[in-house]
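**Student:** Would you mind keeping the following structure in view while I ask a few things?
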Amino acid sequence: MKKIKVTMYFPANKIAIPLAYHLIKNYNLMVNILNADVSLNKVGTLVVDIEGEEKDIEAGLKYVRQIGAEYAVFNKSIIWKEESCVHCGTCTAVCPSGALKMDKSDWSLTFDKEKCLVCELCVKACPLRVMSVKNGDII
Amino acid sequence: MSYKTIEEINEKVRAGKAVVLTAEEMIDIVEEKGVKQAAKEVDVVTTGTFGPMCSSGAFINFGHSDPPIKMTKVWLNDVPAFAGLAAVDAYIGATELSESRGMEYGGAHVIEDLIAGKDIHLVAESYGTHCYPRKEISTYINKNNINQAFMFNPRNAYQNYNAATNSSNKIMYTYMGTLLPRCGNVTYSTSGQLSPLLNDPLYRTIGIGTRIFFGGAQGYVVWEGTQHNPEQKRGENGVPMGPAGTLALIGDLKQMSTKYVRAAVYQQYGVSIFIGVGIPIPIIDEDMAEKTAVRNKDIYTNVIDYSVSSGPRPVLKRVSYEELMSGSIELNGKTVPTAPLSSIKKAREIANVLKEWILKGEFLLTQPVASLPLTNTVNKLEIRNRTEGVQNEKD
Ligand code: SF4
Ligand code: SF4
């Protein structure tokens, strides 16, 4: 089993295809939609976690290309240097996915890597330079 | 009404018998036992805050070289320091930027590095005088080979502050963090019910000379802070509903810890510094017991639109800190996420460290030498012509 994070880009006329359904049904994959930006008549983007056998993932991604969509596998990840963090919460102001949140019980920052879209907004927003991008780490 | 003097409280502290609570613990005690009983039982309430405080910096005396130099220009790790003082005195301001690294390194980083005990590159220039013949110097200093190094911050511990949002269509990078377009977020910066001046809203116990927790060391309140604005609109509980009182603070940089002093960089805005401040409030009477039991839901501030850059920035809404800390507020019929800028976790830690110091008898309370003013408003800088009929220099 393997798990990857992928951004898919759809041309305006293709967004109606229930892609996730096909990937699940025909390719035996587990698909978790992390972020969707699909407004009508525009290029749509979908960020998903895909989990399954390596050959199924390959075949699934081939199908994505076939229907005229593009994809990019995430090859970066965000590193939170927790020991340097002061838990100010400034980064939570920009995080679009809810990966960065304040734990209300003790007001510490929590980072849910699974939800992270690697948009890198927090890297610049953190005043203490506690967040950084790591290359080549395929999830 | 029970009444205790500071001296009586200190006697208990010395004897290890003082009852000390943090401002959050005080809320529960007052709720449980009532103001009267709490005033009798509790001796001290500790507060804390840990947030970015731009108006900060440190005086340093480097000691004299041989032959000596009257430094007229000074750089510390390439960050200019103000040297218009005696020969080897300088002031390094937190927001000053490095001449080679720009916004990535500034005065705040120099201060943090000094506290950490690191070597700092000192470069200075001079025109040379008979008594100070040297014209330039390049050497390394650290906190052990310099003379005095004390932080002297003209404005810290703001008593309440605005919350920020941005109604424009463009993202804004500000000292209130990144403000997303179309009111996409709201940021706020205070520790609310833990905040020092919100627990003594009318400055009855905090004044000039008050001993405090300052950057991990013991420091003092030396003056009202710049832009001290005690006449800000207040609620019935005396708590101001916007930026009000401020404090000028002093303390020995050599005793401080990088746990409580951290350099910060705000994207496209510049360098600032997180400072940890904790102030003990002696519970001298029922009024102070009541004041220190203030809760986030009783503290209000205004949500201000930072996209308006000229004229007064519009107030979009008045909200309580309870609402802000819930994670979202309603703004123009929309649910908008909120984010803090100052660390409540650290503020709690500071209130607890200060509590420990007092419980151990290592920290005694102080009677202010003089009170902070209760009347003063903030002037605007007007762009104007010289007033007619007033003698100016060279007239
Ligand atoms: S902005 Fe930086 S220091 Fe503050 S909570 Fe986020 S990661 Fe931690
Ligand atoms: S990169 Fe940072 S801001 Fe973007 S989704 Fe991940 S944690 Fe959130």
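The values are calculated or read from the model by the stated rules, or taken from the named source; none is laboratory data. In this text the structure is predicted, and so the values were computed from the model without any measurement. For neighbour counting, all protein chains shown are included, and Cβ atoms are generated from backbone atoms with ideal geometry for every residue, glycine included. SASA here: full protein model, heavy atoms, side chains in, ligands and nucleic acids out. Shrake-Rupley method; radii C 1.70, N 1.55, O 1.52, S 1.80 Å.
**Student:** How big a patch of accessible area, both sides summed and in Å² to the nearest 100, lies buried between A and B at a 1.4 Å probe? Don't jump to the answer; show the numbers that get you there.
**Tutor:** Working: alone 8230 and 18320 Å², together 24690 Å².
Separately minus together, A and B give about 1900 Å² buried.
**Student:** Hand me the trypsin sites (Lys or Arg not before Pro) from segment B:266-297 located in a DSSP loop with no more than 13 other Cβ atoms within 10 Å, in residue order please.
**Tutor:** On the way: sites: B:K291, B:R295, B:K297; in loops: B:R295.
Qualifying residues, ordered by number: none.
**Student:** Further, regarding this structure: Taking a ≥ b ≥ c as the square roots of the eigenvalues of the Cα gyration tensor of the protein assembly as shown, is the shape rounded (a/c under 1.5), prolate (a/b larger than b/c) or oblate?
**Tutor:** Numbers: a/c = 1.91, a/b = 1.43, b/c = 1.33.
The shape class here is prolate.
**Student:** If you take the square roots of the eigenvalues of the alpha-carbon gyration tensor of segment A:2-73 and sort them as a ≥ b ≥ c, do you get rounded (a/c under 1.5), prolate (a/b over b/c) or oblate? Please report the intermediate quantities before stating the final value.
**Tutor:** On the way: a/c = 1.94, a/b = 1.63, b/c = 1.19.
Prolate.
**Student:** Separate question: Counting helices only, and only those DSSP H runs with n ≥ 4, report the 222 nm mean residue ellipticity of chain A as the sum of -39,500 (n - 2.57) divided by its residues, in deg cm²/dmol to the nearest 500. Spell out each step's value before the answer.
**Tutor:** Numbers: 3 runs with 27 residues, N = 139.
Only helices count here, giving -5500 deg cm²/dmol.
**Student:** Got a number for carbon plus sulfur as a percent of segment A:2-73's accessible area, 1.4 Å probe?
**Tutor:** 52
**Student:** Given contacts defined as C-alpha pairs under 8 Å and at least six residues apart, what's the relative contact order of segment A:2-73, whole-number percent? Numbers along the way, then the final one.
**Tutor:** Numbers: 127 pairs, mean separation 32.5, N = 72.
Computed over segment A:2-73, the figure is 45 percent.
**Student:** Then there's this: What residues of segment A:88-106 lose no less than 30 Å² of accessible area with every protein chain in place versus their chain by itself (probe 1.4 Å, heavy atoms only)?
**Tutor:** Output list: A:C88, A:T90, A:A93, A:V94, A:K104, A:D106.
**Student:** Report the longest stretch of chain B that contains none of the GluC sites (Glu not before Pro) sitting in a DSSP loop with at most 13 other Cβ atoms within 10 Å.
**Tutor:** On the way: sites that count: B:E99, B:E236, B:E362, B:E382, B:E388, B:E393.
The longest uninterrupted stretch comes out as B:100-235.
**Student:** Starting from the residue with the highest accessible area, list B:W357, B:W223 in decreasing order, probe 1.4 Å. Don't jump to the answer; show the numbers that get you there.
**Tutor:** On the way: B:W357 40, B:W223 150 Å².
From most accessible down to least: B:W223, B:W357.
**Student:** Let me ask something additional. Quick one: with all protein chains in place, what share of the accessible area of segment A:77-135 is carbon or sulfur, to the nearest percent (1.4 Å probe)?
**Tutor:** Working: 1300 of 2570 Å².
Exposed carbon and sulfur together represent 51 percent of the surface.
**Student:** Under 10 Å, Cα contacts only: if you run a Gaussian network model on chain B, which one of B:R384, B:R313, B:R134 comes out with the highest mean-square fluctuation?
**Tutor:** Greatest mean-square fluctuation among the candidates belongs to B:R384.
**Student:** Quick one: net charge of B:S126's neighbours, Cβ under 14 Å, K/R +1, D/E -1?
**Tutor:** +1
**Student:** How about segment B:76-136: which chymotrypsin sites (Phe, Trp or Tyr not before Pro) there are in a DSSP loop, with at most 13 other Cβ atoms within 10 Å of their Cβ? Write out the running numbers ahead of the final one.
**Tutor:** On the way: sites: B:F82, B:Y91, B:Y105, B:Y127; in loops: B:Y127.
For chymotrypsin sites (Phe, Trp or Tyr not before Pro) across segment B:76-136 that sit outside H, G, I, E and B with at most 13 neighbouring Cβ atoms in 10 Å, the list reads B:Y127.
**Student:** I would also like to ask the following. Enumerate the lysines that B:K70 could reach by cross-link, defined here as Cα to Cα under 19 Å, with residues fewer than 8 away along the same chain left out.
**Tutor:** B:K135
**Student:** What is the set of long-range amide H partners of B:A18 at a cut-off below 5 Å, with H atoms built 1.01 Å from backbone N?
**Tutor:** B:V13
**Student:** Note down the magnitude of the dipole of chain A about its Cα centre, charges +1 on Lys and Arg C-beta and -1 on Asp and Glu C-beta and zero elsewhere, to the nearest 20 debye. Numbers along the way, then the final one.
**Tutor:** Working: 18 positive and 16 negative charges, 70 e Å.
Value, rounded to 20: 340 debye.
**Student:** Take each of the peptides B:33-40, B:243-250, A:19-26, average the number of other beta-carbon atoms within 10 Å over its residues, and list them starting from the highest. Spell out each step's value before the answer.
**Tutor:** Working: B:33-40: 17.9, B:243-250: 23.5, A:19-26: 15.8.
Per-residue Cβ counts within 10 Å, averaged per peptide and sorted highest first, yield B:243-250, B:33-40, A:19-26.
**Student:** I'd like the distance between the alpha-carbon centres of segment B:175-197 and segment B:275-349, rounded to an integer number of Å.
**Tutor:** Centre-to-centre (Cα) distance: 8 Å.
**Student:** Sticking with this one: Counting only heavy atoms of the protein chains, get the accessible area per residue of the protein assembly as shown (1.4 Å probe) and round it to a whole Å² value. List each step's numbers first, then the result.
**Tutor:** On the way: 24690 Å² over 534 residues.
Dividing the accessible area of the protein assembly as shown by its residue count gives 46 Å².
**Student:** With a 1.4 Å probe and all protein chains left in place, how much of the accessible area of segment B:82-225 comes from carbon and sulfur atoms, in whole percent? Please report the intermediate quantities before stating the final value.
**Tutor:** Details: 2870 of 5620 Å².
About 51 percent, which is the carbon plus sulfur part of the accessible surface.
**Student:** Compute the helix-to-body angle for B:344-359: its Cα long axis versus the longest principal axis of chain B, expressed 0 to 90° and rounded to tens.
**Tutor:** 90
**Student:** So, one more: Looking at segment A:31-139, which trypsin sites (Lys or Arg not before Pro) are DSSP coil and have at most 11 other C-beta atoms within 10 Å of their C-beta? Provide the component values of the computation, followed by the final result.
**Tutor:** Values: sites: A:K42, A:K55, A:K62, A:R65, A:K76, A:K81, A:K101, A:K104, A:K113, A:K115, A:K124, A:R129, A:K134; in loops: A:K42, A:K81, A:K104, A:R129.
The qualifying sites are A:K104.
**Student:** At 222 nm, what value in deg cm²/dmol follows for chain B if DSSP H runs of at least 4 each add -39500 (n - 2.57) and the sum is divided by all its residues, to the nearest 500?
**Tutor:** Details: 6 runs with 64 residues, N = 395.
Computed ellipticity for chain B at 222 nm equals -5000 deg cm²/dmol.
**Student:** Now for a separate question. Can you tell which of A:S84, A:S105, A:S97 shows the greatest fluctuation in a Gaussian network model of chain A with Cα springs below 10 Å?
**Tutor:** Top of the fluctuation ranking is A:S105.
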